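First up is the structure itself, then whatever we jot down about it.
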Amino acid sequence: MIRYERFTKRFGAITAVEGLDLAVGDGETLALIGPNGSGKTTTLKAALGLVRPTAGRVLVDGLDVSRDGRVTRARIGYLPQRLTFPDGMTAWEVLRFFARLRGVEPQLRLLERVDLLDAADRDVNGFSGGMRQRLGIAVALIGDPRVLVLDEPTASLDPSGALAVRDMVHAIRAEGTAVLLSSHDLAEVAALADRVGVFVGGRLGALGTPAELAHSLGIGVHAMIASAAGLESIYRRIAVSHPQLVA
């Protein structure tokens, strides 16, 4: 569904991402991890058409994002790390506002899907962090996108809010949606991801399921490997070979 083919992005003398080959399939969740400045956000924004490749290309559903941006954007839902909504609007008004921007009819069922139907007429300024994040997911699902791009989807949420968001992501993926996310939270990655990509200085330093990464690094594969502790072991082992991960 999403494919990066030798994707490279430079900002002047700085190379943000170099020669990236990566694909995310239908019904798959791929998580990108790595330090700040390693290329994760640039990679996400390239799928959205917000960053144009210096070299290579990015495809969504077989279409080149640079050439067919209007079509590809209609197939992608996006949840940014920092959510902002227009002041003084209710949840239903927010949904209607963004639906009009996307040129589709607003659907109250999206609020029901994220368990906000009872709060449809409440001012979003009074929402908790978890409620705002769930509303953000409802907005991202406008138009029934085939791809969902999530930037730190549970950042700053309490445990209950984080669990609710994770459950929603699992449900969305189960419907066949491709999910590409970036996160610093290894527990979140362990809970959500089918595969993990570790970015190192603008390059993909490692890619695979947690078990595959563990095997390639000589870490014992056991029940822990699907946990945050297992991913931490993988991350630390890669950091030994790539000190810039912990710089």
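Computed from the coordinates by the stated procedures, all read-outs in this text should not be read as laboratory data. Source: prediction; values computed, not measured. Note: ideal-geometry Cβ built from the backbone for every residue, glycine included; neighbour counts use all protein chains shown.
Could you order the peptides 175-185, 130-140, 203-213 from most to least packed, using the average number of other C-beta atoms within 10 Å per residue? Display every interim value, and only then the final one.
Values: 175-185: 19.9, 130-140: 22.3, 203-213: 18.3.
Result, highest mean first: 130-140, 175-185, 203-213.
Determine ³J(HN,Hα), in whole Hz, for all residues of the range 110-117 in sequence, where each value follows from phi through the Karplus function 6.51 cos²θ - 1.76 cosθ + 1.60 and θ = phi - 60°; x replaces Gly and Pro.
5, 5, 5, 5, 9, 6, 10, 4
Can you give the helix-only mean residue ellipticity at 222 nm for the chain, where every DSSP H stretch with n ≥ 4 adds -39500 (n - 2.57) and the sum goes over all residues, rounded to the nearest 500 deg cm²/dmol? Each step should come with its number before you reach the end.
Working: 9 runs with 87 residues, N = 247.
Taking each H run of at least 4 residues, the total per residue is -10000 deg cm²/dmol.
With contacts defined as alpha carbon pairs under 8 Å and 6 or more residues apart, what's the relative contact order of the chain in percent?
Values: 471 pairs, mean separation 61.2, N = 247.
That works out to 25 percent.
Once amide H atoms are placed 1.01 Å from N in the peptide plane, what residues at a sequence separation of 5 or more from T177, or on another chain, have their amide H within under 5 Å of its amide H?
Residues meeting the criterion, in which the H sits 1.01 Å from N, are G27.
Over the range 126-185, what relative contact order in percent results from Cα pairs under 8 Å that are six or more residues apart?
Working: 48 pairs, mean separation 27.0, N = 60.
That works out to 45 percent.
Calculate one ³J(HN,Hα) per residue across the range 44-54 by plugging θ = phi - 60° into the Karplus curve 6.51 cos²θ - 1.76 cosθ + 1.60, and present them in order as whole Hz with x for glycine and proline.
3J(HN,Hα) across the range 44-54, in whole Hz: 4, 5, 5, 5, 7, x, 7, 10, 9, x, 6.
For the range 55-69, what does the Karplus curve 6.51 cos²θ - 1.76 cosθ + 1.60, with θ = phi - 60°, yield as ³J(HN,Hα) per residue in whole Hz, taken in order and with x for Gly and Pro?
8, x, 7, 10, 10, 10, 6, x, 9, 6, 4, 5, 8, 10, x
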